[in-house]
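Peer 1: My structure is below; once you've seen it, I'll send some questions.
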Amino acid sequence: MSKLTIEQLPLAGKRVFVRADLNAPLGGGTVADDTRLRAVIPTLRLALDRGAAVVLASHLGRPKGGPDPKLSLEPVAERLGELLARPVPLAPDCVGEATRAQAQAVKAGELLLLENLRFHPEEEKNDDGFARQLAELADCYVNDAFAAAHRAHASIEAITHHLQPAAAGLLMQQELSALGRILEAPERPLVAVLGGAKVSDKVTLVEHLVGKVDALVIGGGMAFTFLRALGHAVGRSLVEPDRIETARSALEQARRRGVQLALPVDAVVADGLDSSSGRAVGIRQIPDDQMGLDIGPRTIEQFTAVLAKATDGRLREAALRRGHGGHRARGGGGGGLQRHRRWRYDRRRQRRRGQRQDRLHLDRRRRLPRIPRGTNAPRRGRSHGGRVMRTPLVIGNWKMFGTLAEARPLASGVRDGLKRFKGVDVVMCPPFTALAAVGEIVQGTAIGLGAQNCHWEASGAHTGEIAPPMLVELGCRVVLIGHSERRREMGETDELVNKKIVGALAHGLVPVLCVGETAEERRQGLTFTTVEGQLRASLAGLDTAAVARLVVAYEPVWAIGTGVNATPQQAAEVHGYVRGLVSELASKEVAQGLRVLYGGSVKADNVDALLAEGEIDGALVGGASLNAQGFVSIVKKAARGAATRGE
Ligand code: PEP
């Protein structure tokens, strides 16, 4: 990386402005953790040894618009003096006459620390006048504040327009070359850990990293904006409402590129930043009046598992330390460590608590509406003697298979094979080009016609798209929306899925909303988080009546077309979760009537076991629907199963 470095500057007899990041946690009037101070010592030594007069500047915490004695750099000056074994005088301010005079008086081999840059709001506004005043204090500029270098603040960006030459300090140089090495020729798998309070600070970085890394671990305050983007209620946790969309698009990008994205699955919550204790809860259980302040024990385990993939042990350890203390940035860096220490309770207790949370989580799922089996009700959600019955539904998704020559015999075979069946609703979804032909073949039978996708608009300049009324005209009653193959290949986002659902409903179609997690998401324990995020975002803005008209298909991505199906228990667990969420988002009645299908390598030989689960109301069948006999057999088994169970 060809950057001018401090080593190349003619320092002797010069006054050098060193922008450092001395934003260290304070406690009891002293520096509680001097890591950041130690990091800048080599640069300071080099400058002093080469005969420069050093004017050192930094921010500390987040003062609110003016000087705040609690955020004075005085303790930093003291500790720095100890580390350098020489006095480090502190100027009363960072600009102004007195400061300028003091800076002019610094001799070669001496150092002056300026007071907190952020005591002037102009610093964070990248104010040019303020930057000019800072620039007047020295002859050249060195930036060694790597952790703050992404910020367009006056002492970082604007100052370089007035003070040249500008060079990188030793820490900056070291970090840049490490980053360059990692991003240009990384050892894989490459895992990046991001923390800190704000997404807005790191938007470009996140976007860039998604294109480079194999996994992205997101902790710290910014994780809550991502969790909100997934539809989680996060209580009073720090969220940047205007960045939710950014986070959503990063999540979508990651999903599309196959980048594993690890977000907290539990959090330590408390009433506020100054609370003296916290407790770990699942990420969906953050109380409305509390805020998440740290990652919880299950998240630590999951982040550790993701980081274990990274080959460099030191990186792993450092990243974990940073990840766990991610909330540090939330408090402006000052008091975070103390809070962190207060919360660092005994690991065994933590684990026990974590397990209890897990159990609670599971119990909660078990308590979700259990839907008793009913009689052979022709439509879903009928109440019978106080019990809710849902007619099984089997849908064949032909995907992009079936020219007309193939589609006709397939549809006829299904029609003929299903002359006598009852108690199951059946729908075939051929490709668009075969809809009319298949529609004619099944006309007058109980077999329904469905499409695999639709546009959200009723008409318009959308080349290559098919509008809902066009499907209705062909006799379609159902449309698949958000199939994982479309999400992956066409970049369909939850937002788009939501629009399509609204469009389909407007024309009387029944949308079959497909949701499901990838193998990696399941491995990380993010199944419920993923499904919940998809569901919340897809149903956003729909009223209860609209949700009542949907069908949901849980289709774990890892099971589609792979021959590996979810076990009935795995599927039932997610189905119960979906129903619980719909109960929350719409109503209990809607949830009880909702048909939740399972999709993913369903075949005649596994459908019985799957449909035996009370929560599984039918199947979305891909590959096995391309064989008339096989599909007929699945439908018949579903019908027999329903009859045996008294539905
Ligand atoms: C599907 O395409 O929705 C599907 C579940 O495919 P398969 O049955 O082939 O896994």
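Bear in mind these aren't lab numbers, they're just calculated from the coordinates by the rules spelled out. The structure presented is a predicted model; accordingly, all values stated were derived computationally and were not measured. Every residue, glycine as well, gets a Cβ built from its backbone with ideal geometry; the counts of neighbours run over all protein chains shown.
Peer 1: How large is the direction-averaged shadow of the alpha-carbon convex hull of the stretch 466-521, in nm²?
Peer 2: Taking the Cα atoms of the stretch 466-521, their convex hull projects to 4.0 nm² on average.
Peer 1: In addition: Highest mean first, how do 292-303, 75-86, 569-580 rank when packing is the count of other Cβ atoms within 10 Å averaged over residues? Working shown, then result.
Peer 2: Details: 292-303: 24.0, 75-86: 17.6, 569-580: 21.7.
So the peptides 292-303, 75-86, 569-580, ranked by packing, come out 292-303, 569-580, 75-86.
Peer 1: Sticking with this structure for a sec: Taking the stretch 6-173 as the region of interest, what is the percent of Cα-Cα pairs per 5 angstrom bin, listed from the shortest bin to the one with the maximum distance?
Peer 2: 2, 10, 20, 25, 23, 15, 5, 1, 0
Peer 1: If you don't mind, there's one more thing I want to ask. Exposure proxy check: ASP21, ASP494, ASP201, ASP266 ranked by fewest other beta carbons within 10 Å?
Peer 2: ASP201, ASP21, ASP494, ASP266
Peer 1: Consider all pairwise Cα distances in the stretch 492-604 and report the whole-number % of them above 24 Å. Mind showing how you got there, number by number?
Peer 2: Values: 1376 of 6328 pairs.
Counting every Cα pair in the stretch 492-604, those more than 24 Å apart make up 22 percent.
Peer 1: Using alpha carbons only, how many degrees (0 to 90, rounded to 10) separate the axis of helix 404-417 from the longest principal axis of the chain?
Peer 2: 60 degrees
Peer 1: Taking a ≥ b ≥ c as the square roots of the eigenvalues of the Cα gyration tensor of the chain, is the shape rounded (a/c under 1.5), prolate (a/b larger than b/c) or oblate?
Peer 2: prolate
Peer 1: Based on the alpha-carbon gyration tensor of the stretch 168-212 and its eigenvalue square roots a ≥ b ≥ c, which shape applies: rounded if a/c is under 1.5, prolate if not and a/b is larger than b/c, or oblate?
Peer 2: Oblate shape, in that a/c is at least 1.5 and b/c is the bigger or equal ratio.
Peer 1: Related question: Take the cross-link list LYS202/LYS499; LYS212/LYS399; LYS399/LYS499; LYS3/LYS125 and give me the ones stretching past 24 Å between alpha-carbons.
Peer 2: Check vs 24 Å cut-off fails for LYS202/LYS499; LYS212/LYS399; LYS3/LYS125.
Peer 1: Could I ask something else about it? Cut-off under 25 Å on the C-alpha distance; same-chain residues fewer than 8 positions from LYS422 excluded. Which lysines are left, in chain and number order?
Peer 2: By straight Cα distance, LYS422 reaches LYS603, LYS636, LYS637.
Peer 1: So what's the gap between the Cα centers of the stretch 510-553 and the stretch 239-313, to the nearest angstrom?
Peer 2: 20 Å
Peer 1: Same structure, new question: Name the long-range amide H neighbours of LEU261: under 5 Å, sequence gap of 5 or more, or other chain; modelled H, no Pro or chain starts.
Peer 2: It is LEU216, by chain and number.
Peer 1: Now, a different point. Round to the nearest 10 and give me the degree value, 0 to 90, for the angle of helix 35-49's Cα axis relative to the longest principal axis of the chain.
Peer 2: Helix 35-49 sits at roughly 40 degrees to that axis.
Peer 1: Only helical DSSP H runs with n ≥ 4 go in: add -39500 (n - 2.57) per run for the chain, normalise by residue count and round the 222 nm mean residue ellipticity to 500 deg cm²/dmol. Write down the numbers at each step before the final one.
Peer 2: Details: 25 runs with 259 residues, N = 647.
Only helices count here, giving -12000 deg cm²/dmol.
Peer 1: Under 16 Å between alpha carbons, and skipping anything fewer than 8 positions from LYS14 in its own chain: which aspartates and glutamates qualify?
Peer 2: Qualifying aspartates and glutamates at Cα under 16 Å: ASP49, GLU110, GLU136, ASP139.
Peer 1: If you don't mind, there's one more thing I want to ask. Placing +1 at every Lys and Arg Cβ and -1 at every Asp and Glu Cβ, with all other atoms neutral, what dipole size does the chain have around its Cα centre, in debye to the nearest 20?
Peer 2: 2640 debye
Peer 1: Suppose R0 equals 30 Å. What FRET efficiency, 1/(1 + (r/R0)^6) with r the Cβ-Cβ distance, do ALA152 and LYS212 give to the nearest 0.05? Let's see the in-between values first.
Peer 2: On the way: r = 23 Å, r/R0 = 0.76.
Approximately 0.85, to the nearest 0.05.
Peer 1: I've got another one for you. With only Lys, Arg, Asp and Glu charged, each at its Cβ (+1 for the first two, -1 for the last two), find how big the charge dipole of the stretch 387-634 is about the Cα centre; round to the nearest 20 debye.
Peer 2: It works out to roughly 560 debye.
Peer 1: Going by how many other beta carbons lie within 10 Å of each one, how would you line up SER155, SER177, SER484, fewest first?
Peer 2: SER177, SER484, SER155
Peer 1: Amide H of LEU393 versus every other amide H placed in the peptide plane: which residues, excluding those fewer than 5 positions away on the same chain, fall under 5 Å?
Peer 2: ASP425, GLY618, ALA619
Peer 1: In nanometres, what is the gap between the two model label sites at GLN443 and THR304, each 7 Å from Cα along Cα-to-Cβ?
Peer 2: According to this spin-label approximation, the distance is 6.6 nm.
Peer 1: Dipole of the stretch 113-160, Cα-centred, from +1 at each Lys and Arg C-beta and -1 at each Asp and Glu C-beta, to the nearest 20 debye? Don't jump to the answer; show the numbers that get you there.
Peer 2: Values: 4 positive and 10 negative charges, 26 e Å.
Dipole size: approximately 120 debye.
Peer 1: Ok, one more. If I model a spin label as a point 7 Å beyond the Cα along the Cα-Cβ vector, how far apart are those points for LEU183 and ARG100 in nm?
Peer 2: 3.8 nm
Peer 1: I've got another one for you. Which of rounded, prolate, oblate describes the stretch 387-634, given a ≥ b ≥ c as roots of the alpha-carbon gyration tensor eigenvalues and a/c under 1.5 marking rounded, otherwise prolate only if a/b is larger than b/c?
Peer 2: Rounded, because the longest to shortest axis ratio a/c is under 1.5.
Peer 1: Counting only residues 5 or more places away or on other chains, whose amide H sits under 5 Å from the amide H of VAL510 once H atoms are built in the peptide plane?
Peer 2: Placed amide hydrogens put VAL478, VAL479 under 5 Å from VAL510.
Peer 1: Moving on to the next point. Can you pull the one-decimal nm distance between simple spin-label points at ARG279 and GLU457, each 7 Å off the Cα toward Cβ?
Peer 2: 5.2 nm
Peer 1: The stretch 1-23 to the stretch 63-94: how many Å between their Cα centroids?
Peer 2: 20 Å
Peer 1: Note the full-extension length gain between ASP271 and ASP127 as 0.36 nm times their separation in residues minus their Cα-Cα distance, in nm to one decimal.
Peer 2: 48.2 nm
Peer 1: How much net charge surrounds ARG415 when only the other residues with a Cβ under 11 Å from the Cβ of ARG415 are counted, with Lys and Arg +1 and Asp and Glu -1? Show your work: numbers first, answer last.
Peer 2: Values: positive: ARG408, LYS419; negative: ASP416, GLU440.
The answer is 0.
Peer 1: I've got another one for you. Could you work out how far helix 568-585 tilts from the main Cα principal axis of the chain, as a 0 to 90 degree angle to the nearest 10?
Peer 2: Helix 568-585 sits roughly 70 degrees off the main axis of the chain.
Peer 1: Provide the per-residue ³J(HN,Hα) series for the stretch 459-470, in order, calculated from phi with Karplus coefficients 6.51, -1.76, 1.60 and θ = phi - 60°, each as a whole number of Hz, with x at glycine and proline positions.
Peer 2: 5, x, 7, 10, 3, x, 9, 10, 8, x, x, 5
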